Amino acid sequence: MANHSADGESRGNWIRTNRGIGAVLVGIVVLLLIYLSTEEWVYQTLRDGFRLGFFSVFAAFTMLACAIVLLFDGQKDEVIEDVARAGKWEFIVPVIVVAVCFGYFKVAWEIDFLLVTPVMMAIGTYALGVRPITTAIIAGVIMTITIYGLFWAIGIELPTNLFSF
Amino acid sequence: MLFNVDAFYEAVNLVLSFETMMWLAVGVFIGVGVGAMPGLSASTGVALMLPLTFTMGQAPALGLLIGLYKGAIYGGSISAISFATPGTSEAAATVFDGHKMMQAGKGRKALLMALYASVTADFLSDVITVLVAPLLALVALQFGPSERFWLMVLAVCMLGALSGPHLAKGMLSAAIGLYIGTIGVDPISSVSRNTFDLWWLADGVHLVPMVIGVFAMGAMMEKAVEMVKKSQKASELGGSVKQMFSTSGEGVSWKEYISCWREMGIGLGIGTFVGMLPGLGSTVGAFLSYGVAKQAFPEKKIGTGRLEGIAAAEAGNNATVGPTLVPLLAFGIPGSAVAALIGAALMLQGATPGPRMFELFPTIIYSLFLILLIGNIFNLGIGRIFAFVYAKLGELPAPLLVPIVMLMAVIGSYSYENNPYDVIAMLFFGLLGYFMRVFKIPEAPLIITFLLAPQAEENLRRGLLINEGDWMAALFNSPLAVGLAIAVVVLTYVSSRMRMTERMQDIANQEKED
């Protein structure tokens, strides 16, 4: 279901195979190991004789070993369906989501949860396909009130700088 | 560790209070809805609800989370039967017979059988959990630091080997969890390390933003990508679904229910065993039960739209709910992602899961057992009354679902400690969870190893202190420690050869061909 056997290399899709993923991971873990090698705390010996960096280094080397296994094991040429279909949106959308969520958090907590959230919800639902715009707006308002009520019921107060009850 | 009567009475009072009953009902109510909606899973639901438990007492918090877990595992069958789209992976085996019955105009009967089989197996497996967990805890109390260390290594290796089709990816996930677990102060000397020169990491990575990020935000990012790539069209409510709302539809007779006892028994046995083993989980429980029942009773023609097929699959997945808590309670080792989240909730309530919990917090243990058992009554009642309404939830447009979950993720991670850096951490782990999903790297080993990392380090270093820095003596100071070390190697090899995912795929492919 998830994987399908395909000769990724013959299709010029080497980077989309498990081997390609492994190669990327090897690169990331090597950078991590370089970072660890430059940190003083890694070599620090504690009073019980234990190296402070033992577990971090062990974990990083285990990651490296697993990434290398991905390069050479029996499933190295398999292409995961999601990866095979992946295009620019697979990278752009998550970045946009992170930026929007963080921006929303900063603005909502700075201004007012009850003011900012319905607007963001309406924009979000509209951007994701809810039509017409009036439905998106109504949904945004209902969702905001429901979530505010839920958190209020359990004693967690959300910021209401303008609309304070 | 004798039965503590006073603690039991206190637990009965706590559990039977209005507050606990209300949150248990709310948990089941939300859980069935979460399960019925494709794209949401039990772990997503529990992760999102975790921040709500901070302000609650121990029993209401457990009621909410365990109720949600039980409800979600059953709820997956609703959309599996109604739309052939399992709400959760656990319900995928229910599609084979359930949807065929739906197409034959017996949707109501199929849904009720799924409910009855789920509740029956869940209740009986909970009884087994109540009996087995204290006995295993007694054994675990005899373990020293070396044995506890090897037990954790064994659990992590099994999780890595069994959590997905690719051993290397499972172990990679566990290694990432171990690495993240070393961020912050070390558990013995409280010396800061691995903070990437970020002061707000000196305290380590907080569990709540991490689980919300990995399980909820990561899943919603994946959903958002899907929606951006293809326009979403709300499917029309089919006539066959409408017939389920009719109260005059055919129900399940007592005779029909009893006629499925063998299949439910298979589900109970396999589900209970699978639930207790770290890494396998309810999806494997459902598929194995279904496969065994089909092979054991070929004359029943399971797979052609039979109640027996639904009974086996649903009993198999719900029977894992209670037993998945056994390793957590007996050894302090969560056997699944949801068990890890329930363990996290216990820690947030000030009780570290493990064998000592039976002595130190007997009231919590008894409350948990009572909630496990009573939760089934709520599951039965809410499932019976609202199952046909929940069937409509499967049609809830994802464009509404995704922003709600994202909003809950932001609020939940911030309200944990009113710390804006937790929101940053949650978003980072959301990205990590998203890419793990895309690359089919299982998330459960990451979370569980993250939870176990400090305990494993603590036990290893205690062993080293006791043995004056001698590593060999610290690691292999008893025949049991040596045995566990050998078991790590043997079980990892054997479990990786079992190829559970491929077996499940074979069953699914065979059903499609049929």
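The values are calculated or read from the model by the stated rules, or taken from the named source; none is laboratory data. Since the model is a prediction, treat every value here as computed from it, not as a measurement. Don't worry about glycine lacking a Cβ; one is built from the backbone with ideal geometry, like all the others, and counts go over all protein chains shown. Ligands, DNA and RNA are excluded from the accessible area calculation, which covers all protein heavy atoms including side chains. Shrake-Rupley method; radii C 1.70, N 1.55, O 1.52, S 1.80 Å.
For the reader, a short list of remarks on this structure follows.
- HN-Hα J in Hz across the range B:463-469 - Karplus 6.51, -1.76, 1.60, θ = phi - 60°, x for Gly and Pro: x, 5, 5, 4, 9, 6, x
- Ligands, DNA and RNA are left out, and with a 1.4 angstrom probe the accessible area of chain B is 36 Å² per residue.
- The GNM of chain A, with springs linking C-alpha atoms under 10 angstrom apart, assigns the highest mean-square fluctuation among A:36, A:150, A:115 to A:150.
- Other residues with beta-carbon under 15 Å from the beta-carbon of residue B:64 carry, at +1 per Lys or Arg and -1 per Asp or Glu, a net charge of 0.
- Helices in chain A, meaning DSSP H runs of at least 4 residues, each add -39500 (n - 2.57). Divided by all residues, the mean residue ellipticity at 222 nm is -21000 deg cm²/dmol.
- When Rg and the Kirkwood radius Rh are both evaluated on Cα atoms of the range B:40-156, their ratio Rg/Rh stands at 1.11.
- Applying the Kirkwood pairwise sum to the alpha-carbon positions of the range B:1-76 produces a hydrodynamic radius of 12.7 angstrom.
- Reciprocal of mean inverse Cα separation for chain A (Kirkwood radius, Å): 20.7 Å
- Carbon and sulfur %, accessible surface of chain B computed with the full protein complex present, 1.4 Å: 64 percent
- Ordering B:340-349, B:461-470 by mean Cβ neighbour count within 10 Å, with the highest value first, yields B:340-349, B:461-470.
- Accessible surface area normalised per residue over chain A is 54 Å², counting heavy atoms of protein chains with a 1.4 Å rolling probe.
- Listed by chain and number, the aspartates and glutamates placed with their C-alpha closer than 16 angstrom to that of residue B:301 are B:97, B:256, B:263, B:511, B:513, B:514; residues fewer than eight positions away on the same chain are left out.
- Span from the the range B:258-309 Cα centroid across to the the range B:171-210 one, whole angstrom: 41 Å
- Amide proton proximity set for residue B:185, modelled H, under 5 Å, gap of 5+: B:193, B:204
- Peptide A:42-50 - average C-beta neighbours from other chains (10 Å radius): 4
- Peptide A:64-75 has a mean of 4 when you count, residue by residue, the C-beta atoms of other protein chains within 10 Å of its C-beta.
- Cα Rg, Dmax, the range B:295-364, angstrom units: 17.8, 53
- Pairs spanning more than 26 Å between alpha-carbon atoms, out of B:169/B:223; B:70/B:223; B:223/B:294: B:223/B:294.
- Kirkwood Rh in Å, taken over all unlike Cα pairs in the range A:50-137: 17.6 Å
- With the largest listed first and rounded to whole Å, the semi-axes of the equivalent ellipsoid of the range B:238-394 from the Cα gyration tensor are 33, 20, 13.
- Solvent-accessible area buried by A and B, counting both chains, probe 1.4 angstrom, square angstrom: 5700 Å²
- Per principal axis, descending, Cα span of the range B:447-496 in whole Å: 36, 28, 13
- Just so you know, the Cα atoms of the range B:61-115 work out to an Rg and Dmax of 11.9, 42 Å.
- Counting Cβ atoms of other protein chains within 10 Å of each residue's Cβ and taking the mean over peptide B:338-346 gives 0.
- For chain B, diffusion coefficient by Stokes-Einstein and Kirkwood Rh (Cα), 25 °C, 0.890 mPa s, µm²/s: 106 µm²/s
- Looking at the range A:26-108, the trypsin sites (Lys or Arg not before Pro) that sit in a DSSP loop and have at most 16 other Cβ atoms within 10 Å of their own Cβ are A:47, A:88.
- If you look at the Cα atoms of the protein assembly as shown, you get an Rg and a Dmax of 24.4, 75 Å.
- Judged by the mean number of other Cβ atoms found within 10 Å, the most tightly packed of the peptides B:328-336, B:382-390 leads the ranking B:328-336, B:382-390.
- Euclidean distance of C-alpha centroids, the range A:90-120 and the range B:454-488, integer Å: 48 Å
- Percent RCO, i.e. relative contact order, over chain B, from Cα pairs under 8 Å lying at least 6 residues apart: 28 percent
- Whichever lysines have a C-alpha closer than 20 Å to that of residue B:229, once near sequence neighbours (fewer than 8 apart) are set aside: A:88, B:440
- Rounded Å value of the spacing that divides the Cα centres of the range A:8-70 and the range B:47-107: 38 Å
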